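For reference, the structure discussed in these notes is given below.
The values are calculated or read from the model by the stated rules, or taken from the named source; none is laboratory data. Note that the structure is a prediction, hence the values are computed from the model and not measured. When we count neighbours, we look across all protein chains shown, and the Cβ atoms used for this are built from the backbone with ideal geometry, even at glycine. For the accessible areas, the whole protein counts, side chains as well, though only heavy atoms, and no ligand, DNA or RNA atoms are used. Shrake-Rupley method; radii C 1.70, N 1.55, O 1.52, S 1.80 Å.
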Amino acid sequence: MPSGADRTDDVPERSVAVGRIDAVATRSPSGTTSSLATGVGRVLIAVYGILALAATGRSVVQIAEKFSFAPFSYVLSAVAAVVYILAMIALIVPGRAWYRVACVTIVFEMTGVLVVGTLSLIDPRLFPDLTIWSYYGMGYAFAPLVLPIAGLWWLRKHHRTAGRPVVADGPAVRSGE
């Protein structure tokens, strides 16, 4: 029976090389990892998280302080925030259902960026104040335009493995073992 010092139930699985931590696996209760939350997927998740915070902050301030000035623009900022949050979660959580949520969310995001970006160029009066998707995300270094392209590429690259759990390297230690 292992001693209390040998227990690893509450510690994330880590790959250790020469005394440093190389990676922390995202584990589900079944002991699997999401193939989408590795490599470039982690960068996408981080950027989605940053844009989620930015869009949430922007929409909360806009709606709280000056909603009557441009309600459609501010509601679009709030919708973008929800989209970024949902896409980030869908890229983190393993499984076929969450893969589909990621696909739908990112396609919706791409459609929103293209439609709002195009409309903001054609008729700027439609958006009296900017949204995160105005002018294809120019105020955010075009990240809202590039991100769904990268996200869809990443999802396409992992479409066959997304429905199947990927077992992390090394043995999994579960509670009670």
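Report yes if some residue within the range 116-136 is part of a helix (DSSP H, G or I), open to solvent by 70 Å² or more (accessible area, probe 1.4 Å) and touching a Lys or Arg at 6+ places or on another chain (Cβ under 9 Å); otherwise report no. Before you say what the answer is, go through the steps one by one.
Our first condition is that a residue be part of a helix (DSSP H, G or I); within the range 116-136, this holds for 116-122, 124-126, 134-136.
The next check asks that each one be open to solvent by 70 Å² or more (accessible area, probe 1.4 Å); those that pass are 121-122, 125-126.
Of the ones still in play, those that are also touching a Lys or Arg at 6+ places or on another chain (Cβ under 9 Å) are none.
Checked the range 116-136: no residue is part of a helix (DSSP H, G or I), open to solvent by 70 Å² or more (accessible area, probe 1.4 Å) and touching a Lys or Arg at 6+ places or on another chain (Cβ under 9 Å).
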Q: Among residues belonging to the range 94-145 that are under 24 Å from residue 156 (Cβ atoms) and charged (D, E, K, R), point out the one that is modelled with the lowest pLDDT.
A: 96
Q) In the range 35-66, which residues are modelled with pLDDT under 75 and within 24 Å of residue 80 (Cβ to Cβ)? A) 36, 37
Q | Every pair of residues 6+ apart whose Cβ atoms lie under 8 Å, when the first sits in the range 124-135 and is touching a residue at least 60 places away in the same chain (Cβ under 8 Å) while the second is open to solvent by 10 Å² or more (accessible area, probe 1.4 Å) and among the charged types (D, E, K, R) | A | 129/66; 132/58
Q: Scan the range 22-29 and give yes if some residue there is β-branched (Val, Ile, Thr), more than 13 Å from the chain's Cα centre (by Cα) and either at pLDDT 50 or above or open to solvent by less than 40 Å² (accessible area, probe 1.4 Å) (or both), otherwise no.
A: no
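Would you confirm, using the coordinates I've provided, whether residue 86 is more than 23 Å from residue 128 (Cβ to Cβ) and among the aliphatic types (A, V, I, L, M)? It would help to see each step written out before you state the result.
Working: more than 23 Å from residue 128 (Cβ to Cβ): yes; among the aliphatic types (A, V, I, L, M): yes.
Here the answer is yes, as residue 86 does meet what is asked.
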Q) Would you say residue 87 is surrounded by 14 or more Cβ atoms within 10 Å (Cβ to Cβ) and part of a helix (DSSP H, G or I)? A) yes
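Residue 161 - would you say it is of a type in the set (S, T, N, Q), modelled with pLDDT of 95 or more and open to solvent by 30 Å² or more (accessible area, probe 1.4 Å)?
Working: of a type in the set (S, T, N, Q): yes; modelled with pLDDT of 95 or more: no; open to solvent by 30 Å² or more (accessible area, probe 1.4 Å): yes.
For residue 161, the condition - of a type in the set (S, T, N, Q), modelled with pLDDT of 95 or more and open to solvent by 30 Å² or more (accessible area, probe 1.4 Å) - is not met.
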Q: Please work out if residue 80 is modelled with pLDDT under 75, open to solvent by less than 50 Å² (accessible area, probe 1.4 Å) and among the hydrophobic types (A, V, I, L, M, F, W, C).
A: no
Q: State whether the residues of the range 83-94 include one that is among the aromatic types (Phe, Trp, Tyr) and under 15 Å from the mean Cα position of the chain (by Cα).
A: yes
